[in-house]
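Undergrad: Dropping the structure in here first, questions after.
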Amino acid sequence: MAFAMLNKPPLRVLIAAPRGFCAGVDRAIQIVELALERFGAPVYVRHEIVHNRFVVERLRDLGAIFVDELDEVPDDRPVVFSAHGVPKSVPAAAQERRLTYVDATCPLVSKVHRQAERLIEEGRHILFIGHAGHPEVIGTFGQVPAGSMTLVETVEDAATIQIPASATLAFLTQTTLSVDDTAAIVDALKARFPEIRAPRSEDICYATSNRQAAVKAIAPECDRMLVIGAPNSSNSLRLAEVAERIGVPARLIERAANIDWDWLPARLIERAANIDWDWLGEPKTLGLTAGASAPELLVREVVDALRERFDVTEEIADHSPERMIFKLPRELVA
Ligand code: SF4
């Protein structure tokens, strides 16, 4: 039964823009849908195509089967690789088995892969700024020979990591990092290794940067911030951090089994059912945004849930729209 209240308290909901799906996520979802049309069900998908349970469950309903490893895919069925990218060994193993495969790696992640290859060809050792265990990091490390890339997660790492004395260095970054944290790590690396080669252009992708900037723009007006995103979604976690650092009270609701989320006091929700109403209280202005893998439908669901308890005035923050579109793989559109 729907929750109903008389004399609902007023609530201004300030919705960040841009938010939600980026071009890479949109493309990856379309790839699975087109693969299902082209090959019929089931189509196998190695790892969550994007980090959003709602998206994964919808594709599962359409006939996608999500697996952790390639050896779970039968010889006669196609497989799609996720937007986060895969180590080179994965397509190589698929080719060896003569599997039909479609790579949904975001073109901006592929760009980092190509940069890594080039740097190794030049004989450089790469310092890679990223989060240990994230699929994108595993995929990027899998583009280069073992030992030729070192992970740097923090400013402390930048000051203490050991690298071969004769190494000529370059750095690259994961695409979904905190813009501010990464700048501090890069400064620390440049201070310690003045000769280090920087990438020609920013590796943190446009969608990550734009969503963080949009949260920064609205946070000063907000009493609380809700970020719609899965707890394993790097770019969503960064949005919650940005809000928290500006001083907008927030807490975390979802816990992933193998990650200590306690360090992050931000409120991240996957959908309206996850809102902790006691925590929310009665803010005057609530900020609302969504990570790059969260569909707009979930934003609407949250606003609808808020309307059941508050007299909501909705405002979309004014921000330049995104027009990025990535081409689909030829084999699916030809
Ligand atoms: S967040 Fe950035 S790198 Fe990741 S899929 Fe979206 S556009 Fe690509």
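Undergrad: Grab the DSSP H runs of the chain that are 4 residues or longer, score each as -39,500 (n - 2.57), total them, divide by all residues and round the 222 nm result to the nearest 500 deg cm²/dmol. Mind dumping the intermediate values first?
TA: Details: 12 runs with 124 residues, N = 334.
Estimated from H runs of four or more residues: -11000 deg cm²/dmol.
Undergrad: For the chain, what is the charge dipole size about the Cα centre, in debye to the nearest 20, if Lys and Arg each add +1 at the Cβ and Asp and Glu each add -1 at the Cβ?
TA: Details: 37 positive and 48 negative charges, 133 e Å.
Here the size comes out at about 640 debye.
Undergrad: What FRET efficiency, computed as 1/(1 + (r/R0)^6) with R0 = 41 Å and r the Cβ-Cβ distance, is obtained for Phe326 and Asn274, rounded to the nearest 0.05? Could you put the intermediate results ahead of the total?
TA: Details: r = 30 Å, r/R0 = 0.73.
Rounded to the nearest 0.05, the efficiency is 0.85.
Undergrad: Specify the residue with the greatest mean-square fluctuation among Leu172, Leu237, Leu151, computed from a Gaussian network of the chain linking alpha-carbon atoms under 10 Å apart.
TA: Answer for the Gaussian network model of the chain: Leu151.
Undergrad: Next question. Run through all the Cα pairs of the range 82-159 and give the fraction in each 5 Å bin from 0, expressed as whole percent.
TA: 3, 15, 23, 24, 19, 10, 4, 1, 1, 0
Undergrad: Still on this structure, I have one more. Grab the alpha carbons of the range 17-160, take their convex hull, and tell me the volume per residue in Å³. It would help to have the intermediate numbers written out before the result.
TA: Working: hull volume 19.1 nm³, N = 144.
That works out to 133 Å³ per residue.
Undergrad: In whole angstrom, note down how far apart the Cα centers of the range 40-96 and the range 146-172 are.
TA: 32 Å
Undergrad: Give me Rg/Rg_expected for the chain, where Rg uses Cα atoms only and Rg_expected = 2.2 N^0.38 Å with N residues. Present the calculation step by step, with values, prior to reporting the outcome.
TA: Numbers: Rg = 21.1 Å, N = 334, 2.2 N^0.38 = 20.0 Å.
Taking N as the residue count of the chain, the ratio is 1.05.
Undergrad: Under the rule a/c < 1.5 gives rounded, and otherwise a/b versus b/c splits prolate from oblate, where does the range 13-78 land using the Cα gyration tensor? Mind dumping the intermediate values first?
TA: Details: a/c = 2.67, a/b = 2.17, b/c = 1.23.
Prolate.
Undergrad: In nm, give the distance between the simple-model label positions of Glu121 and Thr313, each being 7 Å from the Cα along the Cα-to-Cβ direction.
TA: 5.8 nm
Undergrad: With springs only between Cα atoms under 10 Å, which of Ser166, Ser320, Ser293 fluctuates most in a Gaussian network model of the chain?
TA: Taking springs between Cα atoms under 10 Å, the residue moving most is Ser166.
Undergrad: Accessible area per residue, 1.4 Å probe, Å², for the range 127-192: what's the number? The partial results should precede the final answer.
TA: Values: 2730 Å² over 66 residues.
Spelled out: the 1.4 Å probe surface of the range 127-192, per residue, equals 41 Å².
Undergrad: Counting other C-beta atoms within 10 Å, and keeping those with at most 12, which DSSP coil trypsin sites (Lys or Arg not before Pro) do you find in the range 160-232?
TA: Working: sites: Lys190, Arg192, Arg197, Arg200, Arg211, Lys216, Arg224; in loops: Arg200.
Filter output for the range 160-232: Arg200.
Undergrad: Apply the Debye scattering formula to the range 50-129, with a single equal point scatterer on each alpha-carbon and no solvent, then give log10 I(q)/I(0) at q = 0.11, 0.16, 0.24 Å⁻¹.
TA: Result of the Debye calculation: -0.38, -0.74, -1.20.
The values are calculated or read from the model by the stated rules, or taken from the named source; none is laboratory data. Source: prediction; values computed, not measured. Every residue, glycine among them, receives a Cβ derived from its backbone with ideal geometry; neighbour counts consider all protein chains shown. Just so you know, the surface numbers come from the protein's heavy atoms only, side chains and all, with ligands and any DNA or RNA stripped out. Shrake-Rupley method; radii C 1.70, N 1.55, O 1.52, S 1.80 Å.
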